[in-house]
Amino acid sequence: MSNSLSNEEINERRKFVASQYSGILPQYEAFYIHSVMYAADCSANAFERYKIAVEEYESPTIIVAIVQEALTHAAALSRFFWPILSKKGDPLREARGAALRGAFGLDERCPLYSRSLRNAIEHYDERLDSFLLVDRVGSFFPTPLVNTHKLADDVIRHIFKMVDPDEEIFVLFGEKYELSPIRDAVFDVYEKCAKMLLDGRLK
């Protein structure tokens, strides 16, 4: 006997869970805690490796790659709290995001809320297309760099990817992003997950 549900039944159940349980059934809260913790752990681990890579004077390619890895996982973490919504809307996704934000005490002041960096990471290929479509003159730096972010202020220098370890700034396609606030937010979420797992509840 099949246990599968029709699309109509699934949609009805999504609406029910969204309206009656704020998007997350109590008995399944631990699944969300573990999932959020995994994304936070992956990002935090990459940030730790980035610190070591800088201290050991690793190559710019390695340092930038580790930072990009940390930010990719941070973007995945962000989606749990601020999910991508379809044009038709998804009550379950919206409710789940709101429930998790409430449980973790997050609002739009959280660095993970920023869609600018998240979009740059998630739509990297599209941003690359757009970046290379613009007519530019001056010096081009297609390889990853480790240097002062002030280089990106020069209109004739076109920075592809760069990390400034001293100021903790990541430059992608000429745009600057602060790393330390994101890292701190990731570690904060991880620590809250660890406490929640003691009871297996989003409290």
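The values are calculated or read from the model by the stated rules, or taken from the named source; none is laboratory data. Worth saying up front: this structure is predicted, and the values here are computed from it rather than measured. Cβ: placed from backbone, ideal geometry, glycine included. Neighbour counts: every protein chain shown.
Which residues, counting only those in segment 13-35, are part of a helix (DSSP H, G or I), out of contact with any Phe, Trp or Tyr (no Cβ under 8 Å at 6 or more places or on another chain), surrounded by 12 or more Cβ atoms within 10 Å (Cβ to Cβ) and of a type outside the set (Phe, Trp, Tyr)?
ARG13, ARG14, LYS15, VAL17, ALA18, SER19, GLU29, ALA30, ILE33, HIS34
For LEU77, which of the numbered conditions (1) in a loop (DSSP other than H, G, I, E, B); (2) closer than 28 Å to ASP164 by Cβ fails to hold?
Just one mismatch for LEU77, condition (1).
Do the conditions hold for GLU9, that is, is it assigned to a helix (DSSP H, G or I) and surrounded by fewer than 16 Cβ atoms within 10 Å (Cβ to Cβ)?
In short, yes.
For segment 43-64, which positions are within 15 Å of the chain's Cα centre (by Cα) and crowded, with 18+ Cβ neighbours inside 10 Å?
SER43, ALA44, ALA46, PHE47
Mind telling me which of the residues SER130, SER43, SER116 ends up being of a type in the set (S, T, N, Q), at pLDDT 95 or above and at negative phi?
Answer to the check: SER43.
Those residues that are of a type in the set (Ser, Thr, Tyr) and crowded, with 18+ Cβ neighbours inside 10 Å, I need them from segment 152-203; list them, please.
TYR177, TYR190
If you go through segment 57-100, how many residues are of a type in the set (Phe, Trp, Tyr), in contact (Cβ under 8 Å) with a residue 24 or more places away in the chain and more than 22 Å from LEU197 (Cβ to Cβ)?
Total satisfying the criteria: 1.
Taking only segment 126-151 into account, find how many residues are of a type in the set (Phe, Trp, Tyr), free of Cβ contacts under 8 Å to residues at least 24 places away in the same chain and surrounded by 15 or more Cβ atoms within 10 Å (Cβ to Cβ).
Here the count works out to 1.
Output the qualifying pairs, or none if there are none: Cβ atoms under 6 angstrom, residues six or more apart or on different chains, first residue in segment 156-171 and among the basic types (Lys, Arg), second residue buried (at least 18 other Cβ atoms within 10 Å of the Cβ).
LYS161/VAL64; LYS161/PRO144; LYS161/LEU172
Are any of the residues in segment 59-76 out of contact with any Leu (no Cβ under 6 Å at 6 or more places or on another chain), modelled with pLDDT of 95 or more and among the charged types (D, E, K, R)?
Within segment 59-76, one or more residues are out of contact with any Leu (no Cβ under 6 Å at 6 or more places or on another chain), modelled with pLDDT of 95 or more and among the charged types (D, E, K, R).
Filter segment 140-160 down to residues that are of a type in the set (Val, Ile, Thr) and under 22 Å from ALA53 (Cα atoms) and give me whichever is modelled with the lowest pLDDT.
ILE159
Working only within segment 1-56, note down all residues that are within 15 Å of CYS193 (Cβ to Cβ), of a type in the set (A, V, I, L, M) and in contact (Cβ under 8 Å) with a residue 60 or more places away in the chain.
Once the filter is applied, which keeps residues that are within 15 Å of CYS193 (Cβ to Cβ), of a type in the set (A, V, I, L, M) and in contact (Cβ under 8 Å) with a residue 60 or more places away in the chain, segment 1-56 yields ILE24, ALA30, ILE33, VAL36, MET37, ALA40, ALA44.
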